[in-house]
Amino acid sequence: MNDSPGWASPGSSPSDEPARSGSGNRPDAEGQGPSAPEDRGAPPVNWSQQQPPPGQWTAPAPPGAAPGTGGAPGWGSPSHGGPQPGWNSGWAQPPAAAKPGIIPLRPLGVGEILDGAVSTMRAHWRTVLGISLVVAVVTQTASTLTTGLWFRGSGSLQGLEKNPNPTFDETLDAVGGTLAGSGVTWLISVLGTIIATAMLTMVVSRAVLGRSVSTGDAWRSARGQLPRLFGLLFLLPLLVAAVAALALAPGLILAVGGSRAAAAAFMVLGAFAALAGAVWIWIRYSLAAPALILERQGVIASMRRSAKLVRGAWWRIFGIQLLTLVLIFCVGAAIEIVTSIIAMIVGGEGAMDWLTGENTTTSWTFLIVVGIGSVISSTITFPISAGVTALLYMDQRIRREALDLELIRAAGTPENGPQQQPPAAQAHNATPGG
C-alpha cells in the first residue's frame, strides 16, 4: 500500500524553515515546498484583471447601482440601500470543509480529534478491533505465562512486610524478583504497543481519506517500520532516564557526602525537575511515531520532525495528550476493576491473600481472569491512543503545511465541500486560467 499524496517527508521538510512573513505558499503535490504560516494563507492564484491581488479586489457593482459602489460581495453601504437581492447569496456562510472520511479536512478541535479516533473504531471496527484484539491476546498471554511460570512464587517486596529485619540477600532477592517480573512484562507490553501503533496508524491514515484497509494490508505496510519504531520507543525512555539521573545527581552526591538535610532537599527538587523533564520530552517527541510510520523516516529524523511540528503548540498538544491519557486510564480502570473483583471471587482466598500481602503466590485462575480483563482493556484503549496521536500529527501538518489540500486531492473531494459556489464565483472558475 503506497502512501497517500502528502505523507512523504519532503527532501527539505516544510517545517525545517521558519515561516516567512507574507509568504502564504503551499506545498506542492509531493508535500515539498516552503512552509505555510501558522494561519494557513490562501493558495496561490494567477491574478488577472478580473481578479486583482488581495487589497485591490473590488466586486462589480450590481446593475443599476451608482458608480463606485462596488465592493466585496454581501456588503453594501446603507446610503446605497445595502446589498442587492441575490447579490450575497451563498456568501453568508463560509464554505464547509471537505470530509471524505472520519474528520473534516481543516484544523481540528479537541473534540474532533477524540471523535475521529472513536469514529475510526466505529467505521472500521473489524480491522481496528481485530488488530487490537490479536495484539492484546498475544502479549497478555505471553505476560501471563511469564508471570505464572517464573515469577508467580518468587520473592517480592510484599514478602518483606512479614519480615521486619530482612537480610541483605532477602532484600536483594525481593527487589530482583520484582524488577525482573516487571521488566519482562514491560518488554512484552512495549512490543505489543509497537505493533498495534504501527498498524493502527496506517488504518487511521486511510480512514481520513474515507478508505478502508484490511488487516493484511496494514501489516504489510507497517512491518517494514517496526525495527525503527522499536528503536524509537526504546530511545525515548533512555532520554527520560538520562534527564532523571542528571536531576537527581546533586542530591545523591550530597547524600554520599553525609549532608542528609541538604541531600533530602535536593532530592525533592530533583524529583520535580525529573518529572518536568520527562513530560517535556514526552510531548516534544509525541508525534515522532506517526512521522516515522507515515513519512518512512529514521529514528532521529522522526524525532526532529516531531520537535518541529510541536514547536509553538506544546501546551495544546500537552492538554490533548493528557486528556487522552485520563480517558484511557478511566476506561482501563473501569474494566480491570470489574475483572479483578471477578478474579477475587473465582480465585477465593488465594486472591484475597495476595491483595493483602499475606501471600505472594497467586492461582492460575486469578491470573487468567485478570489477563482477560487486560485484553478487553487493551483492545479498546489501543485504537484511542494510536488514533489521537495520528490525528494530532495530521492536524499539526494541516495547520503548518496545508496538508488538507494534499488530502483533498488524494481523496478526490472538492476543496469547498458540498457548498454551492455563488454565480459570480462559478463564472470566474469557468474562465480558462481562472
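Tell me which residues come under 5 Å, amide H to amide H, from Gly101 once H is placed; ignore anything under 5 positions away on its chain.
Sorted by chain and number, the residues that satisfy this are Gly210.
Summing +1 for each Lys or Arg and -1 for each Asp or Glu, what net charge is found among the other residues whose Cβ lies under 12 Å from the Cβ of Arg284?
+4
In the stretch 186-203, which residues have a backbone nitrogen under 11 Å from the label point lying 7 Å from Trp125's Cα in the Cα-to-Cβ direction?
none
Going by C-beta contacts inside 10 Å, put Met199, Met394, Met121 in order with the fewest on the left.
Met121, Met394, Met199
Only the coordinates and a few stated rules stand behind these numbers; no lab work does. Bear in mind the structure is a predicted one, so any value in this text is a computation, not a measurement. Note that each Cβ is placed from the backbone with ideal geometry, even for glycine, and that neighbours are counted across all protein chains shown.
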